[in-house]
Amino acid sequence: MIQKAKGTYDIYGDYGKRLLYVEELIEGLMEKYNYEYFRTPIFESSSLFHRGVGDTTDIVTKETYDFKDRGDRDLTLRPEGTAGIVRSYIENKMYGNHNIPVKAWYYGPMFRYERPQSGRYREFYQFGVEAFGSSDALMDAEIISIPVNLYKLLGLKGIKVNINTLGDNESRNNYRNALIEYFKPYINDLCEDCQERYNKNPLRILDCKVDHNLDVMKNAPRTIDYLNETSKEHFENVKKYLDSMNIDYEINTNLVRGLDYYTHTVFEVEASVEGFGSQNVLCGGGRYDNLVETLDGPKTSGVGFAMGMERLMTALEYENVEMPLIDGIDCYVIPMSENEKDYAMHICGDLRLNGFITEIDYNNRNLKNNFKNADKFNSKFIIIIGEQEKDSGILTIKNNGAKEEYKISHDELIDFLDENMGE
């Protein structure tokens, strides 16, 4: 038997219904925020992610799915969404759009070759948002508010934002130099990856999963101590706007995020999820004012976030969050013989086009078994079509809850169901 690849999973049944509900909620929320839907290719030029995500990140050095196509081109299955959105923004010259800022949202599969574990897969789905063309702290706060409001709408509790700032280029460089001096005496105490990061991107040392409990890590310099006045003002404004929206946040000076392109604001959003322990982070993001330029576009401010859908769905499951899922169907249509199937399908077409969830007997069951099948579908109404119903156009309709039977003409069927569906 052929089985699914390691690190992937199938979606079906109740999980599929719950996932579709969350996806529809996301789509509706994005409409309220006036963000435009983007969809970029699942594979892109490998250089996009090497330059965009960063050559020193674990994603690029250890986790990407890289391959050559038949034209000997180096391609990569996208490991995250931001770089592809930025590429699309540049390639389609959206920086010339009169409607600035450009506000985008995306949803789709990403791929990383990492050790599969609970809520973490090699193929995973990500929802993300990017906004280009505004350096105002107001945009940072709006971006942060989106996942916060989504989690509230879904019914998660204890939602909190962890926030930090890396400052602008000047501040970030000052901080980088401070880290180099600080870690120099301890370089041999760090893991092999961090020793390599020391020369390429010392900020990545603070994101290490191996050395994070060492005292040298806990006592490292803080980003906020190396901010210039412009960066301090930006960060204060972000906090002010979060306060105005009554969004709870906590300054976490160890937060740097795992990607190379961040400047100024970085954040993570967590919720109190029973069973998640200390790993309650559901979403992360920040500002990246250099990324568009790094990928050959004009100097453009950007800010965004991304969240893994698998982790969100697990959180909702752990918290027993109820969702208003559709349980059952509206109509179950029974053709009594082969001769009535064409007319029965005509009826089904009318019902579905008018918004009624409809099933039909595909397997030539007898009447008794069809009634049982209608009960399995939890159907509100049963429509029986025999030779007499087909010839006369007068349908036999049974209210499956009240156990009442009606004779309704085909022309009056939709109006009858509209009036009685709630009973």
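The values are calculated or read from the model by the stated rules, or taken from the named source; none is laboratory data. Note that this is a predicted model, so its numbers are computed, not measured. Heads up, the Cβs are rebuilt from the backbone with ideal geometry, glycines too, and the neighbour counts pull from every protein chain shown. When the accessible area is computed, the model is the full protein with side chains, heavy atoms only, and any ligands, DNA or RNA have been set aside. Shrake-Rupley method; radii C 1.70, N 1.55, O 1.52, S 1.80 Å.
How do the pairs read when you match residues in region 115-129 that are hydroxyl-bearing (S, T, Y) with residues anywhere that are assigned to a loop (DSSP other than H, G, I, E, B), using Cβ under 8 Å and keeping only pairs 6 or more apart or on different chains?
Close Cβ pairs (under 8 Å, with a partner that is assigned to a loop (DSSP other than H, G, I, E, B)) amount to Y121/G7; Y121/T8; Y121/Y9.
How many residues are open to solvent by 70 Å² or more (accessible area, probe 1.4 Å) and touching a Ser or Thr at 6+ places or on another chain (Cβ under 6 Å) if we restrict to region 349-369?
1
Quick check on region 300-317: of everything there that is open to solvent by 20 Å² or more (accessible area, probe 1.4 Å) and among the hydroxyl-bearing types (S, T, Y), which residue is nearest to the chain's Cα centre (by Cα)?
Only one residue fits best here, namely T314.
Six or more apart or on different chains, Cβ under 9 Å: which pairs go from a residue in region 7-19 that's surrounded by 11 or more Cβ atoms within 10 Å (Cβ to Cβ) to one that's of a type in the set (S, T, Y)? Could you list them?
Going by the 9 Å Cβ cut-off, the qualifying pairs are G7/Y113; G7/Y121; T8/Y121; Y9/Y121; L19/Y125.
Of the residues in region 253-271, how many are part of a strand (DSSP E or B) and modelled with pLDDT under 90?
1
Could you go through region 232-241 and let me know if any residue there is modelled with pLDDT of 95 or more and among the polar types (S, T, N, Q).
The answer is yes, given that some residue of region 232-241 is modelled with pLDDT of 95 or more and among the polar types (S, T, N, Q).
Hey, could you check region 318-348 for residues that are open to solvent by 30 Å² or more (accessible area, probe 1.4 Å) and free of Cβ contacts under 8 Å to residues at least 40 places away in the same chain and say which is nearest to E274 (Cα to Cα)?
N320
Return the pair list, or none, for Cβ contacts closer than 8 Å from residues in region 405-423 that are hydroxyl-bearing (S, T, Y) to residues that are in a strand (DSSP E or B), at least 6 apart or on different chains.
Listed by first residue and then by second, the contacts come to Y406/T396; Y406/I397; Y406/K398; Y406/N399; S409/I394; S409/L395.
Spot the failing condition for D289; the list is (1) outside any loop (DSSP other than H, G, I, E, B); (2) over 17 Å from L179 (Cα atoms), and only one is missed.
(1)
Would you confirm, using the coordinates I've provided, whether I397 is modelled with pLDDT of 95 or more, outside any helix (DSSP H, G or I) and β-branched (V, I, T)?
yes
Residues that are under 23 Å from L291 (Cβ atoms) and open to solvent by less than 30 Å² (accessible area, probe 1.4 Å): which helices (runs of 4 or more DSSP H) entirely in region 153-250 hold 1 or more of them?
It comes to 169-183, 192-200, 229-244.
With the checklist (1) in contact with a Gly (Cβ under 6 Å, 6 or more places away or on another chain); (2) of a type in the set (S, T, N, Q); (3) within 14 Å of I414 (Cβ to Cβ) in hand, flag the one item T358 doesn't pass.
Of the numbered conditions (1) in contact with a Gly (Cβ under 6 Å, 6 or more places away or on another chain); (2) of a type in the set (S, T, N, Q); (3) within 14 Å of I414 (Cβ to Cβ), the odd one out for T358 is (1).
Which ranges mark the strands (runs of 3 or more DSSP E) fully within region 29-131 that have 1 or more residues being buried (at least 21 other Cβ atoms within 10 Å of the Cβ)?
Once the strands (runs of 3 or more DSSP E) in region 29-131 are filtered for at least 1 residues that are buried (at least 21 other Cβ atoms within 10 Å of the Cβ), what remains is 74-77, 102-111.
Identify, please: which residue in region 375-399 is more than 17 Å from C348 (Cβ to Cβ) and not hydroxyl-bearing (S, T, Y) and is, among those, most open to solvent (accessible area, probe 1.4 Å)?
K376
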